[in-house]
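I have placed the structure first, in the form of structure tokens, so that the comments after it can refer back to it.
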Amino acid sequence: MGHVRARRGHMTLLPAGAAYQFHAGSPSVILLQTLAGRDTVERWAEICQTAPRPKPNSKEVTR
Amino acid sequence: MTTDTLPELGSIEPNPHGYRDFTLGKFSFGRDEYFVHVRWPNGTHMLAVDAFLRAIQRDVAWGFFYGIVNFDTVIGTVNHYGTVDLFAGRFNAQYRQAGLDYSENFKTDAISRLFEAILADWTNATFDPFASPAETGSAFGPKNGSNKRAITRHRVTAKRMIGAPGDEPVRTDDNGFPINRQFTDVTQDAPEVHAEPGFEDQVVSVNLFAYLSRSDVTWNPSVVSVCKNSLYCPTTEEYILPIIHGNDRVEWFVQLSDEIQWEVEDRDTGAVRARVTMKAGDVAAMPADIRHRGFSPKRSMLLVWENASPELPALYAAGKMPPAPVQF
């Protein structure tokens, strides 16, 4: 079907039903727009940061 | 109960400042040189006219968006996707406690026509509600012409992806989109596309950063690519988000350049929840039960990733889905 050389900030449409493979000469990042499916693995809880909840007696602890 | 009548599009005679007054149901709207005056059966409210016009411009352009569009902490709309609530004080704990809140439901077409009529009459020739404050003239003063071109811009809603054959075109100098003054450092190179014969309309690539660097509006998420109900809605931001968006679903934000600070509050009461500083490369998920407002010190690029699945608001409202996509 073809090939595309995309760089920083570029956006590419892959045809429905196509098989594709990515090659990167050096470490780089791509963001894939897709839908959750049977092969999806969600690991957000391991990756994401959140602020810890303050403890109810935290003021007393810091005194 | 839905008010089914079309809006009375306003007074025939202008007020002493040159502006018409408008009514919809039991709400009325008037403006003077600096302020908008909103009245409902048990209350009144004032908003700065520039902020009000920026807010209703987006509400109209976005088709009332997903969930709640607060113009400020008192006035706003709730989208029920076919009808719209216009409210005062409904998501303000103090107004609720004092019994000063009021809400009325209208057919979407009726409230759209009202806001479009207000925008047409109250937007002076010098003012562009979509532009950053540094790129527009004043909204204030007595009636001074109109700015139809600014308030009726085409809204980008790609069917597959911008730049694809038959879809929304990319932006260029020639079609009226020069590079913005704050994005002159954005590379304008094009990807290399080598489509085999017969696949030219399926293998497509564009420079999204270049596309965004040429946006002439701020805080206006526009659909650039579609994967069923997954919508990429990038936008360029500068100054303050003109509305406080109350979510009815999770929204993902990917900060593509520069920095935005977000104030995050409880959607229903306005109680402060968090302040989030996002720098280039940062990702955040705005929960389905909050409202948020962004502050962008210089023009920045933000990818808003929307899930347009129509069943989501009911699932969140019924507690069948947790409001945040990550459980810690």
Between residues in the range B:34-61 that are under 20 Å from residue B:90 (Cα atoms) and residues that are at pLDDT 95 or above and part of a helix (DSSP H, G or I), which pairs lie under 6 Å by C-beta distance while being six or more apart or on different chains? B:36/B:49; B:36/B:52; B:56/B:115
Strands (runs of 3 or more DSSP E) completely within the range B:74-164 that count 3 or more residues being out of contact with any Lys or Arg (no Cβ under 7 Å at 6 or more places or on another chain) and within 25 Å of residue B:234 (Cβ to Cβ): B:75-79
Based on what the data block shows, is residue B:74 open to solvent by less than 20 Å² (accessible area, probe 1.4 Å), within 22 Å of residue B:30 (Cα to Cα) and in contact (Cβ under 8 Å) with a residue 24 or more places away in the chain? yes
May I ask you to verify whether residue B:211 is in contact with a strand residue (DSSP E or B) (Cβ under 7 Å, 6 or more places away or on another chain), aromatic (Phe, Trp, Tyr), under 30 Å from residue B:139 (Cβ atoms) and outside the structural domain of residue B:129 (by TED's automatic domain parsing)? no
Name the pairs whose Cβ atoms lie under 7 Å apart, with the first residue in the range B:123-143 and within 12 Å of residue B:57 (Cβ to Cβ), the second in a loop (DSSP other than H, G, I, E, B) and of a type in the set (Asp, Glu), and 6 or more positions between them or separate chains? B:136/B:128
Against the definition (over 21 Å from the mean Cα position of the chain (by Cα), touching a residue at least 24 places away in the same chain (Cβ under 8 Å) and within 14 Å of another protein chain (Cβ to nearest Cβ)), how does residue B:183 come out, yes or no? yes
Among B:282, B:268, the single one that is over 23 Å from residue B:54 (Cβ atoms), open to solvent by 50 Å² or more (accessible area, probe 1.4 Å), of a type in the set (Asp, Glu) and within 12 Å of chain A (Cβ to nearest Cβ) is B:282
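For (1) under 16 Å from the mean Cα position of the chain (by Cα); (2) closer than 30 Å to residue A:34 by Cβ, each residue gets a yes or a no:
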| position | (1), (2) |
| --- | --- |
| B:75 | yes, no |
| B:85 | no, no |
| B:98 | no, no |
| B:101 | no, no |
| B:105 | no, no |
| B:121 | no, no |
| B:148 | no, no |
| B:152 | yes, no |
| B:164 | no, yes |
Can you tell me which residue in the range B:191-202 is farthest from the other protein chains (Cβ to nearest Cβ), limited to those that are surrounded by 14 or more Cβ atoms within 10 Å (Cβ to Cβ) and closer than 29 Å to residue B:178 by Cβ? B:201
Could you grab me the full set of residues in the range B:19-50 that are crowded, with 16+ Cβ neighbours inside 10 Å, β-branched (Val, Ile, Thr) and assigned to a strand (DSSP E or B)? B:23, B:36, B:38
Residues that are among the basic types (Lys, Arg) and closer than 20 Å to residue B:166 by Cα: does the range B:222-236 have at least one? yes
Which count do you get for residues in the range B:234-243 that are on the phi < 0 side of the Ramachandran plot, open to solvent by 10 Å² or more (accessible area, probe 1.4 Å) and in a strand (DSSP E or B)? 2
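The values are calculated or read from the model by the stated rules, or taken from the named source; none is laboratory data. These numbers were taken from a predicted model, which means no experiment stands behind them. Please note: Cβ atoms are built from the backbone with ideal geometry, for glycine as well, and neighbour counts cover all protein chains shown. In case anyone asks, the SASA skips ligands and DNA or RNA and just uses the protein heavy atoms, side chains included. Shrake-Rupley method; radii C 1.70, N 1.55, O 1.52, S 1.80 Å.
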